[in-house]
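The values are calculated or read from the model by the stated rules, or taken from the named source; none is laboratory data. Computed from a predicted structure; not experimentally measured. Here Cβ is always computed from backbone atoms with ideal geometry, including for glycine, and neighbour counts include all displayed protein chains.
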Amino acid sequence: MTDNNISLDKKGRFIPEGEQTAVWLMGGLAQVRVPGQMTRDAFTVVQHTGLRGYTTPQHVHHFEDEVFLVIEGALKLVCDGREQLAEAGDTMIIPRTVPHGFVATSDIKFLTIHSTPREGERPQFDLFLDAEIPHAEALTLPTEEFPFGLDHIVKLGETYGYGFAGPAPTL
C-alpha cells in the first residue's frame, strides 16, 4: 500500500478496491487485496489475473511460505522440479526456500497468500509490488509490454528476500 498511515483497527478494516495497490506484472494484473501491515505483518493476499501464458520465472522466497488458490482457469505449477496442474478450486502450498514458478495454461484468476512462519519477519511480496514496479493505470490487463526485463525483476527481488531459481515454466 502506498499509504503508510494505514493500520489495523481492533475491530477490523474495510479496504475499498480503490485503495488497493495494483501493478501490471509480467503480462498480468497483480492486486494487493490484503497488505501485510493490515494483518500485523502475518500475511499478505494478492489476486492475480492473466491470460494464457502469464508466467513467472522459477524463484524462491527466503522468508515466506506461499499458498496458491486457483479461482478460475488453470496453472501449471513447477515446485521443486515437479510439475502440477492446478485448476479452479485447487490449492498448492509452497514452503519458503522451495524453488517454484508457474505458467497459466488458460486465462486465469488466482490468489496467492504469503505468510511468514518466523517471528520478526513479515511478508515481502506487497512491498516488492509497491517498490519500483509501475502501478496499473486501471484494473485491467496491461496493454503494453512489461517495461522491465527479467534482470531488473531479479535484482529487485533480491532486495525483498527472493532469489532467482531458473527460467519460467513453459506451456
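Observations on the structure shown:
- Checking each residue of the stretch 108-115 against the condition of being part of a loop (DSSP other than H, G, I, E, B) and not hydrophobic (A, V, I, L, M, F, W, C) gives no match.
Residue-wise test of (1) in a strand (DSSP E or B); (2) surrounded by 17 or more Cβ atoms within 10 Å (Cβ to Cβ); (3) at pLDDT 95 or above.
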residue	(1), (2), (3)
24	yes, yes, no
44	yes, yes, yes
71	yes, no, yes
89	no, no, yes
92	yes, yes, yes
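- Total residues in the stretch 73-82 satisfying the condition of being in contact (Cβ under 8 Å) with a residue 40 or more places away in the chain and surrounded by fewer than 18 Cβ atoms within 10 Å (Cβ to Cβ): the figure is 1.
- Long-range neighbours under 7 Å by Cβ, at least six apart or interchain, first residue free of Cβ contacts under 8 Å to residues at least 40 places away in the same chain within the stretch 33-62, second among the β-branched types (Val, Ile, Thr) and buried (at least 18 other Cβ atoms within 10 Å of the Cβ): 34/44; 34/45
- In the stretch 126-138, the residue that is surrounded by the fewest Cβ atoms within 10 Å (Cβ to Cβ) out of those that are among the small types (Gly, Ala, Ser) and at pLDDT 90 or above is 138.
- Considering the stretch 139-166, and only residues there that are touching a Leu at 6+ places or on another chain (Cβ under 9 Å) and part of a loop (DSSP other than H, G, I, E, B), the residue that is surrounded by the fewest Cβ atoms within 10 Å (Cβ to Cβ) turns out to be 140.
- Matching residues in the stretch 116-168 - criterion: being charged (D, E, K, R) and under 19 Å from residue 32 (Cβ atoms): 121, 122, 126, 130, 132, 137
- Residue 98 being buried (at least 16 other Cβ atoms within 10 Å of the Cβ) and either at pLDDT 95 or above or over 28 Å from residue 118 (Cα atoms) (or both): no
- Meets criteria (surrounded by fewer than 20 Cβ atoms within 10 Å (Cβ to Cβ), of a type in the set (A, V, I, L, M) and farther than 24 Å from residue 19 by Cβ) for residue 85: yes
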